[in-house]
Each structure stands twice: as C-alpha cells, then as structure tokens.
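The structure appears below as structure tokens.
The values are calculated or read from the model by the stated rules, or taken from the named source; none is laboratory data. Please read these numbers as outputs of a predicted model, since none were measured by experiment. Glycine gets a Cβ as well: all are built from the backbone with ideal geometry, and neighbour counts include every protein chain shown.
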Amino acid sequence: MTTLTKSINLSICQNPDPYPDSSKSNLSFSLSTVSSVVTGEESIIHDKFDFMSYMIGKANSVNKALDSAVSLREPIKIHEAMRYSLLAGGKRVRPVLCIAACELVGGEEFLALPAACAVEMIHTMSLIHDDLPFFGEDVAVLAGDALLSFAFEHLATETPEIISPARVVRAIGELAKAIGSEGLVAGQVVDLTSEGMDQNDVGLELLEFIHLHKTAVLLEAATVLGAIFGGGTNEEIERLRKFARCIGLLFQVVDDILDVTKSSEELGKTAGKDLIADKLTYPKLMGLEKSKDFAEKLLSDAQEQLHGFDSNKVKPLLALANYIGKRQN
C-alpha cells in the first residue's frame, strides 16, 4: 500500500466530520449477482446467509410503505408524477442500509421505515428529471420539490413516538446536511464545474470530493439515520458513518477499475466509456494497480468498522460491503 493511498483513505473513513470537505449514484446491481458473490465459499460471511432474500424482503417492506405514504390523491397530476418515479422499482439499497443499521444496533424494522422511505424519496428527487420526461419539465421540477419537502414531513410525522424527539431532530439535521450545500448539491456543483478541466488541475482530492458527495453521501445518511433510530450510541453511529462512507467510495473505485479491465459482455454495458469520454477516474490518476490497492483498503476499512457488533446482525452490512468490493460487473 502506498503512502498516497493510505493518506486518501484516512480522509474518507476515519474523519469524524461527516462532510470533511460534498447526486446521482450508480449504485444499482443484480440481486442474483449479489447472491452468487456473498454466498460463495470464499465469502467473508457465513455461506448460509441468504442476502438476496434479505434484500428482497426489506425492499418489499419499503415498497409497501412508499406506496402508502405517497398515495394517489388531489392534485392528481403532481401525485401521479411523484409516484411514477418513486414506485418504478429498484433495489432500494439506501433504505435497506437504513433498516440494516437500525437492526444492527438493536432496533427493529418499523423504527427505521419512515427514515428509509424519506431517504428514498430524496434519492428519487435527485433522479426525477431523467425519469419524468413525458410529464414535462415544469411538472418534473415540482414533483422533485414535492418529494424533497414530503421526505422531511414524513420523517417528522411518521417516526414512531417511542423514539425520542431529540433523536428525531438529530436525524432531520443529518438528512438536511446530507443533501444541502455541503452534501448532494455540493457534489453536483463541483462535478459540473470540473467538466472540461485539465487533468493536471483536477487531482485526487477533487475526485474524492465529488464521489463522496455524489455516491456516498446518501448511503451515509441512510446508515446514520438507521443507527440513530435503532438507539445506537454515538460511537456506534460514527463507526457506521465511516462504514457507509467507505463503501460509497469503494463502489466508485471498483466501477472505474471494471471499466478498464472488463469487456462489454462481462459488464453488461459499454466498457471503456470513461476512457472514450476522457472522464477523470481513479485508474487514470493513480494507475490501475494503485487503484486496486485503494479498493482493497477501503473494503478492509469498511469491514473493520463493523468489528465487535453482533455476529448475526452484522451479516447484511458485511455482505453488501463484500459484494461492492468483489463484484465483477
């Protein structure tokens, strides 16, 4: 491991500030692929843990809760637009992280479900302009605005009363910061302003900043909110924050590596597109081998943050980290 790689990693996974320096994530994957990765003989978890079933079960709970929360009501047009993207499917990675973190620290699914839904509403808001072309740009913007505001309303009004007001307020603050000028918005702005810049002017620090805020920030918020509502201690919450930050960046590093090492057939999408588009990537800045070292260190650091938790309750998070670090497409 090079000194450079260690230095970068320390700034990501060991900085207690949730946003040290911040919208769309490409975190989608095949559940069948996940199952084959996390249940094999070389898995870092017990090979009898059925991660695919876990993901599907939690996603179903989230889908039912979202359908109930954003019902089709007046004004019909705006609620139809909100539901169109929100209920369009997906793996629900962020809400599942929220629920898994809650359960890990001793909570139950129902405690985290409103927060899980709120995070998914905000994620959908960040994608909604792409998802709603036929509704028209005006309705798309309004639908995104409505989902953003409703996410906070839902979090404030639907969180079970058993959770203390102090924890609810803390969670609202975490979520607001995650998507504001120091979070999701910041990541998008920096990404936009870096387009077309000379490679010599865009270093690893800037690349790290962009991906921490475009990919990792909502994963981090989801995990932290789950830990808060599960009754986690400050130490547990911060360890899970670092875990989520690591796996968020790990996904992007692995994505960059696969883009230059796999064929289009193996990836299920066009390979080498980043090179063709002259995009800034980790292999471009660090080289392929150092990028692989960096990915291994991020996975190791993510796993380390989970040491000491209940060996059964930690399996979903370990499985997800292992998948992200070892995936082949």
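If you scan region 131-159, which residues turn out to be assigned to a helix (DSSP H, G or I) and either of a type in the set (S, T, N, Q) or within 11 Å of Pro114 (Cα to Cα) (or both)? Reasoning before the result, please.
First, the residues of region 131-159 that are assigned to a helix (DSSP H, G or I): 131, 133-135, 137-158.
Result: Ser149, Ala151, Phe152, Glu153, His154, Leu155, Ala156, Thr157, Glu158.
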**Request:** Count, please, the residues in region 90-126 that happen to be charged (D, E, K, R), more than 18 Å from Ser53 (Cβ to Cβ) and outside any helix (DSSP H, G or I).
**Result:** 1
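Is one or more of the residues making up region 27-34 at pLDDT 95 or above, closer than 28 Å to Phe309 by Cβ and polar (S, T, N, Q)? Please lay out each step first, then the result.
As a first pass, look at region 27-34 and keep what is at pLDDT 95 or above: none.
No, region 27-34 contains no residue that is at pLDDT 95 or above, closer than 28 Å to Phe309 by Cβ and polar (S, T, N, Q).
Going by the structure shown, is Ala140 surrounded by 16 or more Cβ atoms within 10 Å (Cβ to Cβ), within 24 Å of Thr215 (Cβ to Cβ), of a type outside the set (D, E, K, R) and at pLDDT 95 or above?
Values: surrounded by 16 or more Cβ atoms within 10 Å (Cβ to Cβ): yes; within 24 Å of Thr215 (Cβ to Cβ): yes; of a type outside the set (D, E, K, R): yes; at pLDDT 95 or above: no.
Here the answer is no, as Ala140 does not meet what is asked.
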**Message:** Given the options Arg245, Arg241, name the one that is more than 10 Å from the chain's Cα centre (by Cα) and under 14 Å from Ala178 (Cβ atoms).
**Reply:** Arg241
**Message:** For region 185-197, which positions are among the small types (Gly, Ala, Ser) and at pLDDT below 85?
**Reply:** Ser194, Gly196
**Item:** Top-ranked residue in region 214-237 [being among the hydroxyl-bearing types (Ser, Thr, Tyr) and within 9 Å of the chain's Cα centre (by Cα); ranked as surrounded by the fewest Cβ atoms within 10 Å (Cβ to Cβ)]
**Value:** Thr215
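Residue by residue, here is whether (1) buried (at least 24 other Cβ atoms within 10 Å of the Cβ); (2) part of a helix (DSSP H, G or I) holds:
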{"residue": "Glu161", "(1), (2)": "no, no"}
{"residue": "Asp191", "(1), (2)": "no, yes"}
{"residue": "Leu212", "(1), (2)": "yes, yes"}
{"residue": "Arg239", "(1), (2)": "no, yes"}
{"residue": "Gly248", "(1), (2)": "yes, yes"}
{"residue": "Asp255", "(1), (2)": "no, yes"}
**Fill in**
Residue count, region 259-292, condition more than 24 Å from Met197 (Cα to Cα) and either modelled with pLDDT of 90 or more or in contact with an Asp or Glu (Cβ under 8 Å, 6 or more places away or on another chain) (or both), comes to 3
**Request:** Look at region 313-329 and say how many of its residues are surrounded by fewer than 21 Cβ atoms within 10 Å (Cβ to Cβ) and modelled with pLDDT of 95 or more.
**Result:** 2
**Prompt:** Taking region 168-189 as the region of interest, how many residues are assigned to a helix (DSSP H, G or I) and buried (at least 22 other Cβ atoms within 10 Å of the Cβ)?
**Reply:** 7
**Fill in**
Of the conditions (1) crowded, with 20+ Cβ neighbours inside 10 Å; (2) at pLDDT 95 or above; (3) part of a loop (DSSP other than H, G, I, E, B), the single one that Glu74 does not satisfy is (1)
**Prompt:** When residues of region 288-309 are filtered for being more than 21 Å from Ile237 (Cβ to Cβ) and among the aliphatic types (A, V, I, L, M), how many remain?
**Reply:** 3
**Request:** Being assigned to a loop (DSSP other than H, G, I, E, B), more than 22 Å from the chain's Cα centre (by Cα) and surrounded by 15 or more Cβ atoms within 10 Å (Cβ to Cβ) is the filter here, so list the residues in region 278-312 that pass it.
**Result:** none
**Asked** So which residues in region 94-110 are among the hydrophobic types (A, V, I, L, M, F, W, C) and surrounded by fewer than 23 Cβ atoms within 10 Å (Cβ to Cβ)?
**Response** Val105, Phe110
**Prompt:** Taking region 198-217 only, how many residues are at pLDDT below 90, in contact with a helix residue (DSSP H, G or I) (Cβ under 7 Å, 6 or more places away or on another chain) and of a type in the set (D, E, K, R)?
**Reply:** 1
